[in-house]
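In what follows, a structure is listed as structure tokens, so that the remarks can point back to it.
The values are calculated or read from the model by the stated rules, or taken from the named source; none is laboratory data. Just so it is clear, the model here is predicted, and its values are computed rather than measured. Glycine also receives a Cβ, built like all others from the backbone with ideal geometry; neighbour counts cover every protein chain displayed. Note: accessible area is taken over every heavy atom of the protein model, side chains too, but ligands, DNA and RNA are not part of it. Shrake-Rupley method; radii C 1.70, N 1.55, O 1.52, S 1.80 Å.
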Amino acid sequence: MFRNYFLTAWRNLARNKAHSTLNILGLSIGMAVALLIGLWVQYQYSYDRFLPNYGQVYQAHIRFTRNGRKEQMDATPLPLSSAIVKDIPGVQYAAHTDWINDHGLVVGKNKVYLPGAMAEGDFFKIFPDPVVKGDLNTALKETYSIVLTESAARALFGDEDPMNKPVRIDNIHDLTVTAVIKDLPANATVSYQFVVPFAFSSSISDWIRDATTNWNNNSFQTFVRLQPGVTYAQVEPGLKTILDRYVPEGMSSQQEIFLHPMKDWHLYSNFEAGYVSGGFIEYVRMFSLIGILVLLIACVNFMNLSTARSEKRAREVGVRKAMGSQRKDLIIQFLIESLVITAIAAFLALGLTQLALPSFNMLTKSHIVLPLGNGVFWMAMIGYILLTGLLAGSRPAFFLSSFQPVKVLKGAITAGPGGTLPRKILVVLQFTCSIALIISTFLIYQQVQYAKDRPMGYLSDRLVMSDGSDDLDHSFPALRDEMMRSGAIESVTRSSSFVVGLSRWGMVNNWPGKLPDESLLVAFIDIGDDYFKTMGMQLSGGRNFTGNYAADTSTLILNEAAVKRMRIKDPINTVITWNLTPHKIVGVVKDALMQSPYSPPTPTVFVYGPDQAHDLTYRLSKTIPTATAIAQLGVIFNKYNPSFPYLYHFVDENYAHKFDLEVLVGKLSALFAGLAIFISCLGLYGLAAYTAEQRTREIGIRKVLGATVSQLWLLLSSDFVVLVMLSCVVATPLAYYFLHGWLQKYNYRITIGPGVFLVAATIALLITLLTVSFQAIRAALANPTRSLRSE
């Protein structure tokens, strides 16, 4: 019986090649999109899952109250890790680290900048990376030791054995390689290429050494691993009060420690009012929905094309019923036909996915592969085929099997409301989804462009950044003079953080008009000479620093956002308390976007501190080609900084990376909107062909009676245009609702106007007319004598 079902299904496919091609093509594209998105979603959920016991690993955060509002930070005091292990039952390991930063590593002539962590011994018990050489239990016991990843060891030593050999770090000290570990997977949230003992960091830095007993210095990361079987709820009460035992009285009353689980680090990284409020999970959900919608559109295509051919299959159904076939037998037959088509489409979708993965990985910065050798994947594919096939074939199966044999064999079967109305509803559903995706693409593009066009407050053109080093600090005057004499640059300056990001924060303790219990956390930047000139930033009041350290050490320059936040009407010469020391405001600089381009400018204090300003920023000359200028500067940097490779970053490119996520969402939305429209148009093309075929005699009669080609084109196209216009009406409020909610997370955002909805509707209508016009005009131009010959 089942063999006969499959044989009948195959013969039907072979007999109706055009119809089968449209069905398979539409389904394969829809399944490929859903499969691609499904693999991407699985990849996002796979972050950090490669670590054993990842469900027991957490990062410590501090929740605190400031100005009546709950906030949080992942910066913690250095003594916290040992206190947690000692005081909190159920904690197996705790380790503190400095922030993962790039450092210069040198072996002979090999010089590299690599991201690394400074951590204590239990770090590898929390993050047990696979060992290639050495013993991680003892690798960090010696102060001057280093653990390398395989790729880092290869970059420094080539094919030589790195064990027990020296590596010079930041041209400060030689460290001995005590272990080599596997490279971390791309889906690791905490990623590094080397690890050195925290004891080494303490040995070279007075402020870190002082921080080992300072509970008020929140400058480090703390990671925790709970004992097997212990839940967070069991350790939470002790964590909430641990600061009360160690932080001086009055300092911890509004602070508490909480733990953020590793399983949430990647997808739930946003906090609001001190609690998790979402993160990348929002985009994962959004694209999961898009994948489902595109697959649904493809299934709707199958339903519409199958039911549109009802008259062609009607006599077959009538004959089978007359010969004794039960309705359930016909339902099984049509469902098997659907499953056969779906299976063919699925294998074609696998090929399309494999072809698309390299470009998709490049676009999304992912490392996704088709797990063709994984049995679980094939089980999932079988389920995917069954679900899609049954979904796509359900309506055709039940609709076609419902025909009454007596009426069918008498030729009385017609496509009444029971057949056409559901089909029209499905077409509207198809185009509603497609038009909503088009609207989303346009609005995302407008939001990104709106933020890109926002004045930055500085001139990014030809502005270049390079990391500093001890060698460059010592030789900066000579370096600066030679850079200027080369003619490759117009100006150069130093700062404690680059203009594209703020990395240091401090408290303004007192200012005129300060309210009781009010505090103000601001960003601050130590700057050197010519900072504002090099950046192209303008003072709106007061003066610049004099360049005399003794004279400038007690003065500050604020940006307009800081002045506004402190509500100071006449800031020049106003005295405020900064870091517990009185300072005089001598200048106010116009706001610049140093953080998110979507958020208000951050209140920022500029401090004259060349000794603390290590990062170099310089503006290339207009008169020299960029490549020539960079080549000249490379020679100069290598002269004064021989232990480090010359690395540089253009500020405008770095600023553009701030839009990466929104640009990615926009590109993916445009891609999937285009595919959704294409799939919908395949269905329209098929429906238009069958509509023209069903009305062949009507068209012939109308032509004989004098109807023109344009009148016939309008007759055949009008039904589809009405359906698409109805889709526009339905899609507009739906798209507005979801996109208005998406825009609310941006402080700096566009206003949704009617224009984008009109443009999307126009595009949808034009595509519809182009799709159906071929069949409509072809039918209108046909010779009426052929269609009327049998009458």
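Of the strands (runs of 3 or more DSSP E) that lie entirely inside region 542-658, those containing 2 or more residues that are among the charged types (D, E, K, R), in contact (Cβ under 8 Å) with a residue 40 or more places away in the chain and in contact with a Ser or Thr (Cβ under 7 Å, 6 or more places away or on another chain) span 615-620. Among the residues of region 24-74, those that are within 30 Å of L682 (Cα to Cα) and either outside any helix (DSSP H, G or I) or open to solvent by 50 Å² or more (accessible area, probe 1.4 Å) (or both) comprise L25, Q42. Set side by side, the residues D615, D652 differ, and just one is open to solvent by 40 Å² or more (accessible area, probe 1.4 Å) and either closer than 30 Å to S554 by Cβ or not hydrophobic (A, V, I, L, M, F, W, C) (or both), which is D652. Filtering region 334-364 to residues that are touching a residue at least 60 places away in the same chain (Cβ under 8 Å), closer than 30 Å to L661 by Cβ and open to solvent by 50 Å² or more (accessible area, probe 1.4 Å) leaves L352, L363. Within region 196-215, can one find any residue that is surrounded by 17 or more Cβ atoms within 10 Å (Cβ to Cβ), in a strand (DSSP E or B) and at pLDDT 90 or above? There is at least one residue in region 196-215 that is surrounded by 17 or more Cβ atoms within 10 Å (Cβ to Cβ), in a strand (DSSP E or B) and at pLDDT 90 or above. Residues that are part of a strand (DSSP E or B) and open to solvent by 60 Å² or more (accessible area, probe 1.4 Å) within region 508-538 comprise N510, L521, listed in sequence order. Taking the criterion of being surrounded by fewer than 17 Cβ atoms within 10 Å (Cβ to Cβ) and of a type in the set (G, A, S), the residues of region 148-158 that qualify are S151, G158.
The residues of region 463-495 that are open to solvent by less than 20 Å² (accessible area, probe 1.4 Å) and either part of a loop (DSSP other than H, G, I, E, B) or not β-branched (V, I, T) (or both), listed by number, are L463, M465, S466, S469, L472, F476, L479, M483, A488, S491, S495. Residues in region 629-649 that are surrounded by 20 or more Cβ atoms within 10 Å (Cβ to Cβ), hydrophobic (A, V, I, L, M, F, W, C) and modelled with pLDDT of 85 or more: A629, L633, F637.
Among the conditions (1) among the hydroxyl-bearing types (S, T, Y); (2) assigned to a loop (DSSP other than H, G, I, E, B); (3) over 19 Å from D102 (Cα atoms), T222 misses just one, which is (2). Going by what's in this entry, would T604 be described as surrounded by fewer than 20 Cβ atoms within 10 Å (Cβ to Cβ) and β-branched (V, I, T)? Judged against the criteria, T604 is not a match.
Among the residues of region 179-190, not a single one is more than 19 Å from P115 (Cβ to Cβ) and either surrounded by fewer than 20 Cβ atoms within 10 Å (Cβ to Cβ) or touching a Leu at 6+ places or on another chain (Cβ under 6 Å) (or both).
Of all residues in region 541-560, exactly one satisfies the criterion of being polar (S, T, N, Q), over 11 Å from F606 (Cα atoms) and surrounded by 14 or more Cβ atoms within 10 Å (Cβ to Cβ), namely S554. Selection of region 161-176 for residues being of a type outside the set (D, E, K, R), open to solvent by 50 Å² or more (accessible area, probe 1.4 Å) and assigned to a strand (DSSP E or B) yields P166, H173, T176. Within region 225-234, does at least one residue satisfy the condition of being part of a helix (DSSP H, G or I), of a type outside the set (D, E, K, R) and open to solvent by less than 60 Å² (accessible area, probe 1.4 Å)? Yes; the residues of region 225-234 include at least one that is part of a helix (DSSP H, G or I), of a type outside the set (D, E, K, R) and open to solvent by less than 60 Å² (accessible area, probe 1.4 Å). For the condition in contact with a helix residue (DSSP H, G or I) (Cβ under 8 Å, 6 or more places away or on another chain) and either open to solvent by 90 Å² or more (accessible area, probe 1.4 Å) or at pLDDT 90 or above (or both), L437 does not qualify. None of D517, D481 is modelled with pLDDT under 90 and over 36 Å from the mean Cα position of the chain (by Cα) except D517. When you check I767 against the structure, is it closer than 30 Å to D453 by Cβ, part of a helix (DSSP H, G or I), at pLDDT below 90 and not hydroxyl-bearing (S, T, Y), yes or no? Yes: the conditions hold for I767. Among residues of region 539-563 being farther than 19 Å from W511 by Cα and small (G, A, S), the one that is modelled with the highest pLDDT is S540.
Anything in region 655-666 that is out of contact with any Phe, Trp or Tyr (no Cβ under 7 Å at 6 or more places or on another chain) and surrounded by 16 or more Cβ atoms within 10 Å (Cβ to Cβ)? List them, or say none. Once the filter is applied, which keeps residues that are out of contact with any Phe, Trp or Tyr (no Cβ under 7 Å at 6 or more places or on another chain) and surrounded by 16 or more Cβ atoms within 10 Å (Cβ to Cβ), region 655-666 yields Y655, K658, F659, E662, V663.
The residue of region 270-290 that is surrounded by the most Cβ atoms within 10 Å (Cβ to Cβ), among those that are in contact with a strand residue (DSSP E or B) (Cβ under 8 Å, 6 or more places away or on another chain) and hydroxyl-bearing (S, T, Y), is S277.
Just a yes or no: is a residue in region 647-665 β-branched (V, I, T), closer than 30 Å to S469 by Cβ and out of contact with any His (no Cβ under 7 Å at 6 or more places or on another chain)? Checking region 647-665: at least one residue is β-branched (V, I, T), closer than 30 Å to S469 by Cβ and out of contact with any His (no Cβ under 7 Å at 6 or more places or on another chain).
Within region 589-600, the set of residues being open to solvent by less than 40 Å² (accessible area, probe 1.4 Å) and touching a helix residue (DSSP H, G or I) at 6+ places or on another chain (Cβ under 6 Å) comprises P597, Y598.
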